[in-house]
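Just below is one structure, and these are the notes that go with it.
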Amino acid sequence: QVQLVESGGGLVQAGGSLRLSCAASGRYAMGWFRQALGKEREFVTAISWSGGSTYYADSVKGRFAISRDNAKNTVYLQMNSLKPEDTAVYYCAARYRGRVAVTTRDEYDYWGQGTQVTVSS
């Protein structure tokens, strides 16, 4: 059973920064998704097993950065220039079935519990 433990969420003012962490029980291609109240869970960013490939949603390009420390089996999401519309529960996800980074929610096999990010205006 793959375990994913997220941390780093919180309350921040618009324009501020937060860094989320996701510690996994192994090494996988990983993604971050978010779900705002009353909305569908949406793709944010993904990173391949090696870390050599990354993808970003258009809404976060240039503001968010995904990275990984394979020695620690941990993936990070650095979020800068945060906006109120970034407010959501953020989930990390692991792709057990392959090493390629993907953007589709259904391609991920395991999910963390989620961490709340709230950006005040």
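Within the stretch 102-118, being over 12 Å from the mean Cα position of the chain (by Cα) and closer than 21 Å to Ser67 by Cβ holds for Val102, Glu107, Tyr108, Tyr110.
Taking the stated definitions as given, is Lys72 surrounded by fewer than 20 Cβ atoms within 10 Å (Cβ to Cβ) and within 25 Å of Thr118 (Cβ to Cβ)?
On the way: surrounded by fewer than 20 Cβ atoms within 10 Å (Cβ to Cβ): yes; within 25 Å of Thr118 (Cβ to Cβ): no.
So Lys72 fails the test.
Contact map, the stretch 23-38: residues that are among the polar types (S, T, N, Q) paired with residues that are open to solvent by less than 40 Å² (accessible area, probe 1.4 Å), Cβ distance under 9 Å, separation 6+ or inter-chain. Pairs shown: Ser25/Val2; Ser25/Leu4; Ser25/Ala94; Gln35/Ala88; Gln35/Val89; Gln35/Tyr90; Gln35/Tyr91; Gln35/Gly114.
Considering Val75, Val117, the condition of being in contact with a Cys (Cβ under 7 Å, 6 or more places away or on another chain) and modelled with pLDDT of 95 or more is satisfied by Val75 alone. Hey, does the stretch 23-32 have a residue that's in contact with a helix residue (DSSP H, G or I) (Cβ under 7 Å, 6 or more places away or on another chain) and open to solvent by less than 40 Å² (accessible area, probe 1.4 Å)? Looking for residues that are in contact with a helix residue (DSSP H, G or I) (Cβ under 7 Å, 6 or more places away or on another chain) and open to solvent by less than 40 Å² (accessible area, probe 1.4 Å), one finds none in the stretch 23-32, hence no.
On the stretch given as the stretch 63-74, residues that are within 15 Å of the chain's Cα centre (by Cα) and closer than 18 Å to Ser50 by Cα total 7.
To keep it simple, each residue is scored yes or no on (1) within 16 Å of Gly10 (Cα to Cα); (2) free of Cβ contacts under 8 Å to residues at least 12 places away in the same chain; (3) outside any strand (DSSP E or B).
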{"position": "Thr45", "(1), (2), (3)": "no, no, no"}
{"position": "Gly51", "(1), (2), (3)": "no, no, yes"}
{"position": "Leu82", "(1), (2), (3)": "yes, no, yes"}
{"position": "Ala101", "(1), (2), (3)": "no, no, yes"}
{"position": "Val117", "(1), (2), (3)": "yes, no, no"}
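Just one residue in the set Arg68, Arg19, Arg97 is of a type outside the set (A, V, I, L, M, F, W, C) and in contact with a helix residue (DSSP H, G or I) (Cβ under 8 Å, 6 or more places away or on another chain); that residue is Arg97. Scoring Arg19 on the criteria (1) closer than 20 Å to Ser121 by Cα; (2) open to solvent by less than 20 Å² (accessible area, probe 1.4 Å); (3) in a strand (DSSP E or B) leaves a single failure, condition (2).
Every residue, every condition in (1) modelled with pLDDT under 95; (2) of a type in the set (Lys, Arg), yes or no:
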| residue | (1), (2) |
| --- | --- |
| Arg41 | no, yes |
| Asp58 | no, no |
| Ala65 | no, no |
| Met79 | no, no |
| Ala93 | no, no |
| Tyr96 | yes, no |
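Screening the stretch 75-101 for residues that are β-branched (Val, Ile, Thr) and crowded, with 18+ Cβ neighbours inside 10 Å and picking the one that is nearest to the chain's Cα centre (by Cα) gives Val75.
The values are calculated or read from the model by the stated rules, or taken from the named source; none is laboratory data. Remember, predicted model here, so these are calculated numbers, not experimental data. No Cβ is skipped: glycine too gets one built from the backbone with ideal geometry, and neighbour counts run over all protein chains shown. Note: areas computed on protein heavy atoms with side chains; ligands, DNA, RNA excluded. Shrake-Rupley method; radii C 1.70, N 1.55, O 1.52, S 1.80 Å.
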